[in-house]
Amino acid sequence: MDKRNLSLKPFFSLILSTNIPKAMLIGGLIGSMITTLTGLIIPLLTKNLIDNFSMEMLSVHIIIAISAVFIIQALINGISMYLLAAVGQKIVARLREKMWNKLIRLPVKYFDTTSSGKTVSRVVNDTGVVKDLISDQFPQFISGIISIIGAIIILFILDWKMTLIMFISVPLMIVLMMPLGRRMGKISRKMQDETAAFTGDIQQTLGEIRLMKASNAEQTEKKKGRQGIERLLKLGLREAKVYALIGPLMYLIMMVVIVTIISYGGMRVASQTMTTGELIAFLLYLFQIIMPMTSFAMFFTHLQKAKGATERIIEILDFPLENGQHGLDVDLGHKTLYVKNVSFAYKKEEPVLQDISFKAQPGEMIAFAGPSGSGKTTMFALLERFYEPDSGDIFIGDISIKDISLLSWRSQIGYVSQDSPMMAGTIRENLCYGLEDQSISDEILWKVTKMAYADEFIQSFPDGLDTEVGERGVKLSGGQRQRIAIARAFLRDPKILMMDEATASLDSQSEGIVQQALSRLMEGRTTFVIAHRLSTIVDADQIIFIDQGKITGIGTHHELLETHPLYREFAEQQLT
Ligand SMILES: Nc1ncnc2c1ncn2[C@@H]1O[C@H](COP(=O)(O)OP(=O)(O)OP(=O)(O)O)[C@@H](O)[C@H]1O
Ligand SMILES: [Mg+2]
């Protein structure tokens, strides 16, 4: 019991942290209390009506008064229901906003280890569970408690003997309902996990639909899908079984109690120790006790569910933000970039980069070469600050880049990455993506696309800059995507430029052209280039050869040709 209370604490502190609209919540609760309390008076009125029935009682005044009470009660009920639902919706909106703001600032590491489907499920489903609890279950629980306490007090006053008989059913219900509720909680938590996993799998497959088709993986996916669906079905059926137990059990207990009360009450009425009105009032109160009790079982299952959901929400909210949310705003122009003894591993004990050191003077072009998987892209990821070095440091001028705010740092770095990623939307939106000033004139956009040799193909689209590129840019060719990525870099006018295989998906004619564009882009900026084709990097000021995460040679093309056997091998294969 203690443990349960303890673990509810995070739930409440999470809810409190959303800045609950208190006035609305209190208003809603008061409204639902009023509704419940008026509900408690109705059996008493009924009793009086039955016991003292006479024609005068049905005067117009009384009918109007009763109707007015009913209408007002319905109104208050409606308002309070709306208020409580609104509180739930507002809390869930704030939770989602909090989570989303957090998610987009989490380090890349988080996304390496958590599937996006699971994360989506946290933001959408788990917050929904919390909402259900707050706007449906919680008010029901409160008004249920009021209703039960009120009804019991009135019943004791009405007839304590019959109340005691009725009470026999209470422990019975608790004994039956507690284990069912706990079971339900377990099932629904599993259900949430399975749903998250299932969402993740579907998303993954739909995202790579071409790979799936090209690999003839329909059968595999069919099987995988069916397994997921069956797991959900199994849990759903288990849930249905528990529900199927709860409902009829409640009904049975209710019936037994009602029959007992009616028989005993009938005897009392016959022996005139009780009036008919009292008996009917008694039965009505009985309903007001039993109904909320049924919903208690639901409340506790929902509480269990919400507890699970909260844990997962908090897991995300507690994850440390990417470092560098705050920091210096530094102009990166005309400063030497110095990578000093940097080592890095994605997973402990599997070093990817080891003791990397080099200097890049302002305006220099530094090229990275080396076998596939040697760690070149990883070096870029460290420069872009997607990850932080495990040891060593990177300096710009004499400032450690850790001290510079991410906003300032990344706004001055242009990164044309290996796979030219794009957002769904138009070419224009992709060019301007993330820029503070979204009202960039067409003239400027055409200028940068021209510099990137992207203007021709964009002009050939009927919608020009407003052409939709499709999800992840699937409607464009690889080379087109790359040139748009280069145009983005032109538009941003970065101080430091990083290009990972920026011309990899171009034919040699376009490569020549884009190479020209790139040379233009590189002018006056410190540039880092990764290229498998050495022809693109022979002019670099320094070529850094990385092999299995270590620098095995630094120098110009000619120096490396002389001193570095593996580089010479690379060069001989390609340049002859
Ligand atoms: N996000 C990641 N999580 C774990 N390991 C990774 C991750 N990204 C890359 N690696 C591993 O790090 C090593 C270096 O990868 P990296 O992408 O830096 O190589 P690369 O030199 O750019 O290769 P290529 O020339 O093929 O692009 C590889 O062994 C790869 O398996
Ligand atoms: Mg790479």
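The values are calculated or read from the model by the stated rules, or taken from the named source; none is laboratory data. Source: prediction; values computed, not measured. Virtual Cβ from ideal backbone geometry, glycine too; neighbours counted across all protein chains shown. Keep in mind that these areas ignore ligands, DNA and RNA; they rest on the heavy atoms of the full protein, side chains included. Shrake-Rupley method; radii C 1.70, N 1.55, O 1.52, S 1.80 Å.
General remarks:
- Taking a ≥ b ≥ c as the square roots of the Cα gyration tensor eigenvalues, the stretch 422-493 comes out rounded, since a/c falls below 1.5.
- Taking 0.36 nm per residue of sequence separation and removing the Cα-Cα distance, the residue 552/residue 215 pair yields an extension gain of 117.5 nm.
- DSSP-assigned coil residues among trypsin sites (Lys or Arg not before Pro) in the stretch 331-373, each with at most 12 further Cβ atoms within 10 Å: 347, 348
- Share of pairwise Cα separations in the chain, more than 41 Å, in percent: 48
- On Cα atoms only, tilt of 60-103 relative to the major axis of the chain in degrees: 20
- Helical content alone sets the calculated 222 nm signal of the chain at -21000 deg cm²/dmol, taking -39,500 (n - 2.57) per DSSP H segment of four or more residues and averaging over every residue.
- Average Cα contact separation per residue, the stretch 2-318, under 8 Å, 6 or more apart, as relative contact order %: 35
- Efficiency of FRET between residue 468 and residue 347 - r from beta-carbon atoms, R0 30 angstrom, step 0.05: 0.20
- Its Cα centre serving as origin, the stretch 422-493 has a Cβ charge dipole (Lys and Arg +1, Asp and Glu -1) of approximately 360 debye.
- Carbon + sulfur, % of accessible area of the chain - ligands and nucleic acids excluded, 1.4 Å: 61
- Cut-off 16 Å, label 7 Å out along Cα→Cβ of residue 30, residues of the stretch 74-117 by amide N: 76-84
- Ligands, DNA and RNA are left out, and with a 1.4 angstrom probe the accessible area of the stretch 422-493 is 52 Å² per residue.
- Estimated distance in nm for a label pair at residue 240 and residue 424, the labels positioned 7 Å out from Cα along Cα-to-Cβ: 3.3
- Within the stretch 267-300: backbone nitrogen closer than 15 Å to the residue 48 label point (7 Å, Cα to C-beta): 277-278, 281
- Distance between the pseudo-spin-label points of residue 314 and residue 160 (7 Å out from Cα toward the beta carbon): 4.5 nm.
- Anchor residue 102: aspartates and glutamates whose Cα lies under 18 Å away (excluding residues fewer than 8 positions away in-chain): 112, 126, 311, 315, 318, 322
- The mean sequence distance of close C-alpha pairs (under 8 Å, at least 6 residues apart), as a share of the length of the chain, puts its relative contact order at 15 percent.
- Probe 1.4 Å, accessible area per residue of the stretch 271-376, Å²: 47
- Once the Cα atoms are used to define both axes, helix 276-318 deviates from the longest principal axis of the chain by about 10 degrees.
- Across the stretch 1-159, Cα-Cα pairs more than 24 Å apart make up 55 percent of the total.
- Among 74, 367, 270 - extreme Cα towards positive end, dipole of the chain, charges at beta-carbon: 270
- Listed peptides 269-279, 143-153, 74-84 by packing density, highest first (mean Cβ within 10 Å): 143-153, 74-84, 269-279
- Net charge of Cβ neighbours under 11 Å - reference residue 555; Lys, Arg +1; Asp, Glu -1: -3
- Label positions at residue 436 and residue 170, each projected 7 Å from the Cα along the C-beta direction, are separated by 6.5 nm.
- FRET efficiency estimate (nearest 0.05) - Cβ-Cβ, residue 372 to residue 226, R0 45 angstrom: 0.75
- Cross-link table 98/495; 109/359; 222/307, entries beyond 31 Å C-alpha to C-alpha: 98/495; 222/307
- Helix axis angle, 22-51 relative to the chain longest principal axis, alpha carbon, degrees: 20
- Residues of the stretch 435-460 with amide N under 17 Å of a point placed 7 Å along Cα→Cβ from residue 509: 453-458, 460
- Convex hull volume per residue in cubic angstrom - Cα atoms of the stretch 531-576: 71
- Entries of 9/348; 376/402; 475/550 with Cα pairs more than 28 Å apart: 9/348; 475/550
- Ordering of 324-330, 25-31 by packing [mean C-beta count within 10 Å, highest first]: 25-31, 324-330
- Inverse of mean 1/r across different Cα pairs in the stretch 167-256, Kirkwood, Å: 15.8
- Two-site FRET efficiency, residue 204 against residue 132, from Cβ-Cβ distance with R₀ of 30 Å, rounded to 0.05: 0.60
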